[in-house]
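Here's the structure we're looking at; comments come further down.
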Amino acid sequence: MNNPNHIGRKFSLAYRYKKEKLFRFYGLLASIIGLIFLVIFFSNLIGKGKGAFFQTQIKLNIDFSQEVIDPNRTGDKEEFLKANYGGILKDALLKRFPSVSGRKDTRSLKKIIGQGGIYKLSDLLQERPEWVGTSQEIWMIASDDIDMYIKGKISTDVPDDMRRVNDKQIEWIKQLEQSGQLRTAFNAMFFTSADSREPEMAGILGAVMGTALTLLITLALSFPVGVMAAIYLEELSKKSRFTDFIEININNLAAVPSIVFGLLGLAVFLNVFHMPRSAPVVGGCVLALMTLPTVIIATRSSLRAVPPSIREAARGLGASNLQVVMHHVLPLAMPGVFTGTIIGMSRALGESAPLLMIGMVAFIVDIPVSFDDPATALPVQIYLWADSPEKAFVEKTAAGTLILLLFLILMNSLAVILRKKYEKKW
Amino acid sequence: MGWQYILIAVLFLSFAGYFLGKKKSVQSTNGDISQLRSQPNYHGFYILLSVILAPIILIFFWYIFEGFFIREMVLSALPQEAIKQSEDLTYGIIKAIAQGVKTVKDPLSLLPEAAVHYNALRESSNLILTILAPALAVALFIRSWKKIGVNFPARDKVEKIIGCVLGVASFIAILTTAGIILSLLFETLRFFNLVPLSEFFFSLEWSPQLAIREDQVGSSGQFGILPLFTGTLLVTLVAMIIAGPIGLMSAIYMSEYATSRFRATVKPLLEILAGIPTVVYGFFAAITVGPFVRDLGATMGFSLSSESALVAGGVMGIMIIPFVSSLSDDVMNAVPNDLRDGSYALGATQSETIKQVVIPAALPGIISSFLLGISRAIGETMIVVMAAGLAANLTANPLESVTTITVQIVTLLVGDQEFDSAKTLAAFALGLFLFVVTLMLNIFALRVVKKYREAYE
């Protein structure tokens, strides 16, 4: 009768302990899988994106000959703009590789320098008119295909005509490398220019400015309105049907998909009020409506965390309701309010779907400086680049996400520091 | 004068009012401040608030409605035949001419005249505001200035005004909801004037392209939401298959087994997953996971597309893990230890206790965490836009590419749009559907928690 088999294997202690261990292991496994996702995610992005911070440059001896740039010797800078810089660049390349001949080869040779090269030469002369008639050694930005090849993103296993970089170009690149005319330098342009159709010239600054302008509007609207609404609901209003209704509203708004806010912005701000399309002011308004519930909920919970004894003490000294809130409760709740606002803002920073709806997806080459300039935002820029067919945009996109994540990490750590430093346990 | 300068003038007047009001209240007592019914700075605040509020509201509404009214007036003054394309386009051209960005060569065109009209209207509107807002501020200043005195209950008045302002701020939440519902409803009704309700809900086809010529094949466009809805459900299902078990098991481990140090490090790390912008997940899905799945399929002899419900749903699942795990973790932590101790006393192992005592006790919270995860997955946009594809396939195979409601909203509304075609309006109908579904899920989730929550203690 004491034989455990009699009760059945299912109830034996050993079996039950085994199940216990297994269950525990599954739990650990699940947590670790979550962490592994996180690690894969970040290492993947960093691996893909780090290349964008560097660019390949080629040193060429450029001859700014008087005949080509300013044949009439006017010395007028306006005159310089009309010169054929493409020809100058071609001559410089042909001088370096004298053996190249034929249309096809010349064209491949020209393609090793990026499209922006001619503008760079023109700009250089505007800055240094004294260079006319001289030869200068200048580092030119290589084209995106050459850049990709140097970074090892284009494999040479594929046949010559299927590749973006052909064998002759590779040969020239090798020669340049041997003579020290090729280098990989820090890509400052990525941080100082706006979007471009040419991957080697595209930068993030335009999108960062667009995001900054948008978030400024969002903060200016959602922070005061959110805090005021929370004070009213938590401290001043008597509980009534009306305040209950507002509360339900706020909780529901917090869970509405962000794209619906975009539809609201499109239908109301653009179609009814005729505010400018693609402008940070509209984006900021839409994101403010979206972050408002977050700010209100965070503010209310930190107001609630201030103990009633503080209120009672103030009231006992004759303070009015508003004085109690303004002089005592709100200052004590402020760290929590800031934390909640920062978290709301960091959500707004990463949001792109509503911005797509109000037209902030345009291809914009100028860096926006005012609230109604057409602009795009950092996450939308990422979306745009991810959609581009050029291979070089992949690393731009990954680098863009790294910058976005950096901003997010900064904001969230600020929130954590605020909470750690000022949090009070009553 | 731009509205900014008017605003600065009003602000200046109100701040001056603060100091003047304070001074007047002190002077009115002949030196003995204790006679004042309210403290001097409340008198100052009274003037400040009375002066500032009405002009700011005026400027705000002026700024918003100015464009609207000017547009109506300019367009109604134009004869019908001058509006060749849509009203929006014509108005854009008029504005461009008025700003001197564009010139019209056609001497018969009425648009330059309209541009002059536009400029005149803008100028007079500006002039009216420039006079009206400061005049209002001055009038309010004089009115409130007269009231300041020893017996004036400035503090009560100030508190009343501030209370009203705060109340109005909280009203914005209702306005937002109303705005969402009304704008979606309005456009949706216009959509159903063009497309019958039965087609929207029961047709099995979604192909919103409208033909350029009348006689083209399939010129009408098909607006059946079913393929989109099944696509959304499929992606959501895949996401929950990943997020559900992983989220729940890690919640169990963290609340029941893990040391407090493990929990303190791992929980915030997992929550990072929820804070990563969705567009980054979308990029990850499109560039890394999609090709990976395709290559994996190729090595096993299938030809898979890199855009599929599996890829989008899988990556979305990773994003949803912390939604499930954090909330479930919290509710399991709230289950009192007495229940666990009772179970141990009866000889149960820890896993048996969890399965038979803790989880049933925390079930409402766990269910609601799942529901919130599902509502999140349904409303998620960027991941599916970048990784799920555009083809509206009515399929249950996660390896095929599907499209979702949110993807279609984006594709219908990004780019050129005209606001009288069924194609554009369909996006709003989809938006309303999405809004209603997620709203019901959220309300249901809150209900579950409220109704079945066991109150311990």
Sort out which residues of region A:223-246 are within 10 Å of chain B (Cβ to nearest Cβ) and among the small types (Gly, Ala, Ser), and write them in order of number. A:Gly226, A:Ala229, A:Ala230, A:Ser237
Near pairs, Cβ below 7 angstrom, 6+ apart or cross-chain, from region A:386-407 (under 18 Å from A:Met209 (Cβ atoms) and among the β-branched types (Val, Ile, Thr)) to any residue that is at pLDDT 80 or above and assigned to a loop (DSSP other than H, G, I, E, B): A:Ile403/A:Ile204
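Let's see how each residue does on (1) buried (at least 18 other Cβ atoms within 10 Å of the Cβ); (2) of a type in the set (Lys, Arg); (3) within 30 Å of A:Leu270 (Cα to Cα):
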| site | (1), (2), (3) |
| --- | --- |
| B:Gly342 | no, no, no |
| B:Ile354 | yes, no, no |
| B:Pro360 | no, no, no |
| B:Thr381 | yes, no, yes |
| B:Gly389 | yes, no, yes |
| B:Val407 | yes, no, yes |
Only one of A:Gly316, A:Gly359, A:Gly344, A:Gly350 is more than 11 Å from chain B (Cβ to nearest Cβ) and within 28 Å of A:Gly226 (Cα to Cα); which? A:Gly344
Do we find that A:Ile364 is assigned to a helix (DSSP H, G or I), under 17 Å from the mean Cα position of the chain (by Cα) and either among the aromatic types (Phe, Trp, Tyr) or closer than 29 Å to A:Asn44 by Cβ (or both) in this structure? no
Residue, farthest from the other protein chains (Cβ to nearest Cβ), within region A:12-55, restricted to residues that are among the aromatic types (Phe, Trp, Tyr) and closer than 30 Å to A:Asp147 by Cβ: A:Phe54
Considering residues that are in contact (Cβ under 8 Å) with a residue 60 or more places away in the chain and either not assigned by TED's automatic domain parsing to the domain that holds B:Ile142 or not in a helix (DSSP H, G or I) (or both), the number found within region B:7-38 is 5
Restricted to region B:214-249 and to residues being within 30 Å of B:Ile359 (Cα to Cα) and among the hydroxyl-bearing types (Ser, Thr, Tyr), the residue modelled with the highest pLDDT is B:Thr236
Can you tell me which residue within region A:389-407, out of those that are touching a Pro at 6+ places or on another chain (Cβ under 7 Å) and part of a helix (DSSP H, G or I), is nearest to A:Gly203 (Cα to Cα)? A:Lys396
Please enumerate the residues belonging to region B:72-91 that are at pLDDT 75 or above and either in a helix (DSSP H, G or I) or within 35 Å of the chain's Cα centre (by Cα) (or both). B:Glu72, B:Met73, B:Val74, B:Leu75, B:Ser76, B:Ala77, B:Thr90, B:Tyr91
Could you check A:Lys238 against (1) in a helix (DSSP H, G or I); (2) over 30 Å from A:Ile403 (Cβ atoms) and say which number it fails? (1)
Selection from region A:372-395 of residues within 11 Å of chain B (Cβ to nearest Cβ), out of contact with any Lys or Arg (no Cβ under 9 Å at 6 or more places or on another chain) and farther than 17 Å from B:Val410 by Cβ yields A:Leu378, A:Phe393
Looking only at region B:228-247, and only at residues there that are within 8 Å of chain A (Cβ to nearest Cβ) and either in contact with a Pro (Cβ under 9 Å, 6 or more places away or on another chain) or in contact (Cβ under 8 Å) with a residue 40 or more places away in the chain (or both), the one that is surrounded by the most Cβ atoms within 10 Å (Cβ to Cβ): B:Gly247
Picking from A:Ala333, A:Ala375, A:Ala386, the residue that is assigned to a helix (DSSP H, G or I) and within 14 Å of the chain's Cα centre (by Cα) would be A:Ala386
Residues that are closer than 28 Å to A:Leu215 by Cα and surrounded by fewer than 17 Cβ atoms within 10 Å (Cβ to Cβ), drawn from region A:309-346: A:Met326, A:Pro331, A:Met334
Looking at B:Ala169, B:Ala211, B:Ala178, can you tell me which residue is modelled with pLDDT of 85 or more, loosely packed, with under 15 Cβ neighbours inside 10 Å and either over 24 Å from B:Val402 (Cβ atoms) or not assigned by TED's automatic domain parsing to the domain that holds B:Tyr42 (or both)? B:Ala178
Which members of region A:247-287 meet the condition of being out of contact with any Phe, Trp or Tyr (no Cβ under 9 Å at 6 or more places or on another chain), at the interface with chain B (Cβ under 7 Å from one of its Cβ atoms) and outside any helix (DSSP H, G or I)? none
Does at least one position in region B:337-348 carry a residue that is at pLDDT below 90 and under 24 Å from B:Glu271 (Cα atoms)? no
Checking A:Val295 against (1) within 27 Å of the chain's Cα centre (by Cα); (2) assigned to a helix (DSSP H, G or I); (3) at pLDDT below 90; (4) of a type outside the set (Asp, Glu), only one condition comes out false. Which one? (3)
Within region A:42-76, residues over 15 Å from A:Phe190 (Cβ atoms), touching a residue at least 60 places away in the same chain (Cβ under 8 Å) and of a type in the set (D, E, K, R) come out as A:Lys59, A:Asp63, A:Asp70
Among the residues of region B:379-389, is there at least one that is farther than 21 Å from B:Phe284 by Cα, more than 9 Å from every other protein chain (Cβ to nearest Cβ) and in a helix (DSSP H, G or I)? no
Looking only at region A:66-87, which residues are modelled with pLDDT of 75 or more and either part of a strand (DSSP E or B) or surrounded by fewer than 20 Cβ atoms within 10 Å (Cβ to Cβ) (or both)? A:Asn84, A:Gly86, A:Gly87
Might you let me know whether region B:331-343 holds any residue that is under 24 Å from the mean Cα position of the chain (by Cα) and in a helix (DSSP H, G or I)? no
Somewhere in region B:164-183, is a residue over 32 Å from the mean Cα position of the chain (by Cα), more than 9 Å from chain A (Cβ to nearest Cβ) and in a helix (DSSP H, G or I)? no
Selection from region B:425-455 of residues that are more than 18 Å from B:Arg376 (Cα to Cα) and at pLDDT 80 or above: B:Leu425, B:Ala426, B:Ala427, B:Phe428, B:Ala429
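One line per residue, one yes/no per condition, for (1) exposed (fewer than 15 other Cβ atoms within 10 Å of the Cβ); (2) small (Gly, Ala, Ser); (3) not in a helix (DSSP H, G or I):
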| residue | (1), (2), (3) |
| --- | --- |
| B:Arg261 | yes, no, no |
| B:Ile272 | no, no, no |
| B:Ala286 | no, yes, no |
| B:Arg294 | no, no, no |
| B:Gly297 | no, yes, no |
Selection from region B:187-208 of residues in a helix (DSSP H, G or I) and surrounded by 13 or more Cβ atoms within 10 Å (Cβ to Cβ) yields B:Glu187, B:Thr188, B:Leu189, B:Arg190, B:Phe191, B:Phe192, B:Leu194, B:Glu199, B:Phe200, B:Phe201
Does A:Ser309 satisfy the criteria of being within 30 Å of B:Ala154 (Cα to Cα) and at pLDDT below 90? no
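The values are calculated or read from the model by the stated rules, or taken from the named source; none is laboratory data. Fair warning: this is a prediction, and the values are worked out from it, not measured in the lab. Glycine gets a Cβ as well: all are built from the backbone with ideal geometry, and neighbour counts include every protein chain shown.
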